[in-house]
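Heads up: the structure comes next, in structure tokens.
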Amino acid sequence: MLSLDRLPVPDEGENFFPLLQNDSVTVEAIVSSDRLEPKLYDQDHDETVLLYAGEAVLQIEDREVTMKPGDILHIPAHTPHRVLRTKPATRWLAIRSRAPLKEVNKC
């Protein structure tokens with residue numbers, strides 16, 4: 001069993017820990033430092049992230065989104081986005097899918 005709380009925190013940037021994978025889907029844990037390079041992503045896959053601990057501010061296209069523990073964000077393929085800021089030791093669970101994901105419940 002893996003504990004997200006025990007994954008090491010990088011001095012800067014982010015660490016990625018693949019957990020599960022098949023030809024279409026990857027599930028990974030991400031641990032962010034509070035010193036990030038705000039890299040622009042435009043990925044060929046859908047991505048859904050759950051912020052487990054910490055806090056993050058993302059730029060999704062032209063708007064800023066603040067995420068707190070328990071927040072889930074779906075980012076469709078080819079949606080420009082970047083992580084602008086995080087608190088130290090922010091922890092995420094990411095699900096990446098080559099097949100489009102459909103949001104079925106917007107709580």
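Structure values in brief
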read-out	value
Qualifying residue in segment 49-63 (condition: in contact with a Ser or Thr (Cβ under 7 Å, 6 or more places away or on another chain) and charged (D, E, K, R))	yes
Any hit, segment 58-75, residues being at pLDDT 95 or above, surrounded by 16 or more Cβ atoms within 10 Å (Cβ to Cβ) and at positive phi	no
Failed condition for residue 41, given (1) hydroxyl-bearing (Ser, Thr, Tyr); (2) within 14 Å of residue 92 (Cα to Cα); (3) modelled with pLDDT under 95	(2)
Hey, residue 28 in contact with a Phe, Trp or Tyr (Cβ under 7 Å, 6 or more places away or on another chain), at pLDDT 95 or above, of a type in the set (D, E, K, R) and under 23 Å from residue 97 (Cβ atoms) or not	yes
Hits in segment 77-104 (condition: surrounded by fewer than 16 Cβ atoms within 10 Å (Cβ to Cβ) and part of a loop (DSSP other than H, G, I, E, B))	78, 79, 80, 87, 88, 98, 99, 100, 102, 103, 104
Selection within segment 90-107 - over 17 Å from residue 26 (Cα atoms) and at pLDDT below 95	103, 104, 105, 106, 107
Inter-residue pairs, beta-carbon under 6 Å, first closer than 24 Å to residue 57 by Cβ and in segment 6-34, second of a type in the set (Asp, Glu) and surrounded by 15 or more Cβ atoms within 10 Å (Cβ to Cβ), 6+ apart	16/28; 17/28; 30/14; 32/14
Residue within segment 55-75 that is small (Gly, Ala, Ser) and in contact with a helix residue (DSSP H, G or I) (Cβ under 9 Å, 6 or more places away or on another chain) present	no
Number of positions in segment 33-49 that are among the acidic types (Asp, Glu) and within 12 Å of the chain's Cα centre (by Cα)	2
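For (1) closer than 25 Å to residue 5 by Cβ; (2) among the polar types (S, T, N, Q); (3) over 13 Å from the mean Cα position of the chain (by Cα); (4) not in a strand (DSSP E or B), each residue gets a yes or a no:
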| site | (1), (2), (3), (4) |
| --- | --- |
| 19 | yes, no, yes, no |
| 26 | yes, yes, no, no |
| 31 | yes, no, no, no |
| 51 | yes, no, no, no |
| 58 | yes, no, no, no |
| 65 | yes, no, no, no |
| 70 | yes, no, no, yes |
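The values are calculated or read from the model by the stated rules, or taken from the named source; none is laboratory data. Not measured: the values here are computed from a predicted model. Neighbour counts are summed over all protein chains in view; Cβ atoms, including those assigned to glycine, are modelled from backbone coordinates with ideal geometry.
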